[in-house]
Every structure is written in structure tokens, then in C-alpha cells.
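Report on the following structure.
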Amino acid sequence: MLHALRDQLLRMQASDQQLRAELAASGSLHDGYHPRMAQVHRDNAQALREVISRHGWPTELMVGADAAEAAWLVAQHAIAEPDFMRHCRALLDEASTAGQVPRWQFAYLDDRIRVSEGGLQRFGTQVDLRPDGAFAHALEDAGQVDTWRQQVGLQSLARHLQAASAGPRPTAAAYAARQAAEQAWRRQVGWA
């Protein structure tokens, strides 16, 4: 195991999650893409890019399960870097197919990219929290989604949506504003 690399990945995850908690506590987490959060995501993506160039994708054997998950989180949050996320998806597909990381990590990243590109998600991991509840973004095959979720180790879509609905919901005005801002931002960074 590469202990220094493991520690680095865990620190990257901690910086992301600590800032997320701070922004949530202040009520500003969902007020657009906070500049401080964007900076953490950029810094972490750059560090992961360097890790990948030196070591390849961080697998559980290489860094342990928790640090491999931290690498996935960094890739999942590199939302301002479409090409890098796509590269990570390919690496995660390969590593998860080989059993070196859990397949759900690929599922989440694949769905996030598909939704960001305006496409259909396969595994139903990406949720749209609306004033009337949580809904899955458009699905490739609603009749097959729970089978695909089970194959990658995820709970049913209904349970996933139920958990997502438990938090506070946006007002109609806040939801509309967030949707418009998100679409403009996606075009700006190159998703659409």
C-alpha cells in the first residue's frame, strides 16, 4: 500500500467535505457554485490528475478502500472539468470491471457525466430536488434501472429517492433560478 498517497487522497476528501459542511451550515451550499467550493474542486482535480499520471487510478489494493473512495469523490466533484471527468470515468470503468474498486463508483460518475451532457442516466444516481420532492433525472430505461442498480451494489431507486427527499426542498422560485444558473454554467464550462 502506498501510505503517503493514501494520506494525500484522504486529505483531499476531507478538505472537500469540511468546506461542504461549512457552506451547508451557513445556508449557502445550494446558492450556486460557491467560489471557495469551486477552488477546492479545482485544486483536488489537479492533484488527482498528478496522482493518475504517476500511479494510474488509485485502487483499493494501492491505497485502501477509503482512499480509493476519496479518489472517486474528487473525480465526481471535478464538475468544471468535463474532459478530466470523462478520463476518470474510463479509468473507473476499467478498475471497477477488474474488481479493483466498487462498481457503484463508476455508476455515479457515469450518471453524473451523462446528466451534465444533457443525456439519459443509466443507474438513477443523479437526483433533481424540486419543490415537490426528489426525482431521478431522465433515465435510459426506467424498467431496467433497479436491475442495473442492484448489479453495481446500490439500493433500489425508490429508496434512493426517499432518502434524497428527506432534506429541505427549494421554493419554486429558488428551484427555477438554480436550474437557469446551472444550465448557463454547464454551457460555460463546456458540458453542452
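Things worth noting here:
- When the residues of the range 137-161 are filtered to those that are assigned to a helix (DSSP H, G or I) and in contact with a strand residue (DSSP E or B) (Cβ under 9 Å, 6 or more places away or on another chain), the one that is nearest to Phe106 (Cα to Cα) is Val145.
- Tabulated pairs, the range 131-143, first in contact (Cβ under 8 Å) with a residue 12 or more places away in the chain, second of a type in the set (Asp, Glu), C-beta under 9 angstrom, 6+ apart or interchain: Ala134/Asp128; Phe135/Asp128; Ala136/Asp128; His137/Asp111; His137/Asp128
- Residue match in the range 79-92 (condition: closer than 15 Å to Leu5 by Cβ, of a type in the set (Lys, Arg) and in contact with a helix residue (DSSP H, G or I) (Cβ under 9 Å, 6 or more places away or on another chain)): no
- Taken over the range 112-129, the criterion of being part of a loop (DSSP other than H, G, I, E, B) and in contact with a His (Cβ under 9 Å, 6 or more places away or on another chain) is satisfied by Leu120, Gly124, Thr125, Gln126.
- Which numbered condition Gly56 misses (of (1) on the phi > 0 side of the Ramachandran plot; (2) in contact with a Ser or Thr (Cβ under 9 Å, 6 or more places away or on another chain)): (2)
- Test result for Leu48, closer than 19 Å to Leu5 by Cα and in contact (Cβ under 8 Å) with a residue 12 or more places away in the chain: yes
- Entry remark, the range 1-38: residues being aliphatic (A, V, I, L, M) and more than 30 Å from Met62 (Cβ to Cβ) number 4 in total.
- Comparison of Leu48, Leu2 shows that the only residue that is at pLDDT below 95 and either surrounded by 16 or more Cβ atoms within 10 Å (Cβ to Cβ) or within 27 Å of Gln188 (Cα to Cα) (or both) is Leu2.
- Look at the range 2-18: where a residue is in contact (Cβ under 8 Å) with a residue 40 or more places away in the chain and part of a helix (DSSP H, G or I) and a partner is buried (at least 20 other Cβ atoms within 10 Å of the Cβ) and polar (S, T, N, Q), sitting 6+ places away or on another chain with Cβ atoms under 7 Å, you get Met12/Asn44; Asp16/Asn44.
- Number of the condition not met by Ala164 [criteria: (1) surrounded by 14 or more Cβ atoms within 10 Å (Cβ to Cβ); (2) in contact with a Gly (Cβ under 9 Å, 6 or more places away or on another chain); (3) free of Cβ contacts under 8 Å to residues at least 40 places away in the same chain; (4) not in a helix (DSSP H, G or I)]: (4)
- Within this structure, Asp31 passes the test of being surrounded by fewer than 17 Cβ atoms within 10 Å (Cβ to Cβ), among the charged types (D, E, K, R) and at pLDDT below 95.
- Only residues that are part of a helix (DSSP H, G or I) and either surrounded by fewer than 19 Cβ atoms within 10 Å (Cβ to Cβ) or hydrophobic (A, V, I, L, M, F, W, C) (or both) were counted across the range 90-102, and they come to 7.
- The condition of being small (Gly, Ala, Ser) and at pLDDT 95 or above does not hold for Ala24.
The values are calculated or read from the model by the stated rules, or taken from the named source; none is laboratory data. Quick caveat, the model's predicted, so the values are computed rather than measured. Glycine also receives a Cβ, built like all others from the backbone with ideal geometry; neighbour counts cover every protein chain displayed.
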